[in-house]
Amino acid sequence: MTTILIVDDEYLIADILGYAMEDEGYMVVKASNGRRGLEVLDRERPELVITDFMMPVMDGLEFARAIRARPGSAELPIILMSGAQGSVGRASPELFAAVFDKPFDINLVIAKVKELIGPS
């Protein structure tokens, strides 16, 4: 089963994204910040990451850079979800495959996930 890692300190957003991805047939794992996200990444080996930007401990930009620096994760698709920092993500296409501003259209997010990793 195709696994997606969702990293967001806002549990409601993580749950909304998680339920939507599970409804599409993906397996979902979650983390509340970038540091925990890296731990889950090593353990679960997801095919795609969806991350928030503003989080405690390690923000989305630091998290994406850490993913890119890891062997075997350089090409992992990362989608950034941001309420205020979308422009930072758009200025870093080497890090993010897509950037969505909050509030987001869940149907567009699902379509982008399917484009990046295929249907579940």
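The values are calculated or read from the model by the stated rules, or taken from the named source; none is laboratory data. Everything quoted here is computed from the prediction, not taken from an experiment. Note that we place each Cβ from the backbone using ideal geometry, even for glycine, and neighbour counts take in every protein chain shown. Remember, those area values only see protein heavy atoms, side chains included, never the ligands or the DNA or RNA. Shrake-Rupley method; radii C 1.70, N 1.55, O 1.52, S 1.80 Å.
When the charge dipole of the range 1-115 is built from unit charges on Cβ atoms (+1 for Lys and Arg, -1 for Asp and Glu) and taken about the Cα centre, the candidate among G86, P71, A31 whose Cα reaches farthest toward its positive end is P71.
Scan around I6 for amide H atoms under 5 Å from its own, H built in the peptide plane at 1.01 Å from N, and keep only partners 5 or more places away or cross-chain. Amide H neighbours of I6, under 5 Å, 5+ apart: V29, K30, A31, I50. Accessible area per residue for the range 1-115 is 49 Å², calculated with a 1.4 Å probe on protein heavy atoms, without ligands, DNA or RNA.
For the chain, a crude dipole built from +1 on the beta carbon of Lys and Arg and -1 on the beta carbon of Asp and Glu, taken about the Cα centre, is about 340 debye to the nearest 20.
With a Förster radius of 22 Å applied to the beta-carbon distance between T2 and N107, the computed FRET efficiency rounds to 0.75. Express the relative contact order of the chain as a whole percentage, based on alpha carbon pairs under 8 Å and six or more residues apart in sequence. Relative contact order here is 23 percent. Cross-link partners of K102 among aspartates and glutamates, defined as those whose alpha carbon lies under 17 angstrom from its own and excluding same-chain residues fewer than eight positions apart: D8, D9, E10, D15, D52, D59. Taking amide H positions as modeled 1.01 Å from N, with prolines and chain starts lacking one, the residues under 5 Å from K102 and 5 or more places away or on another chain are S82, G83. Expressed as a whole percentage, what fraction of the accessible surface of the range 1-115 belongs to carbon and sulfur atoms when a 1.4 Å probe is rolled over the protein heavy atoms? Carbon and sulfur: 52 percent of the exposed surface of the range 1-115. Ranked from largest, the principal axis spans of the Cα set of the chain equal 30, 30, 25 Å.
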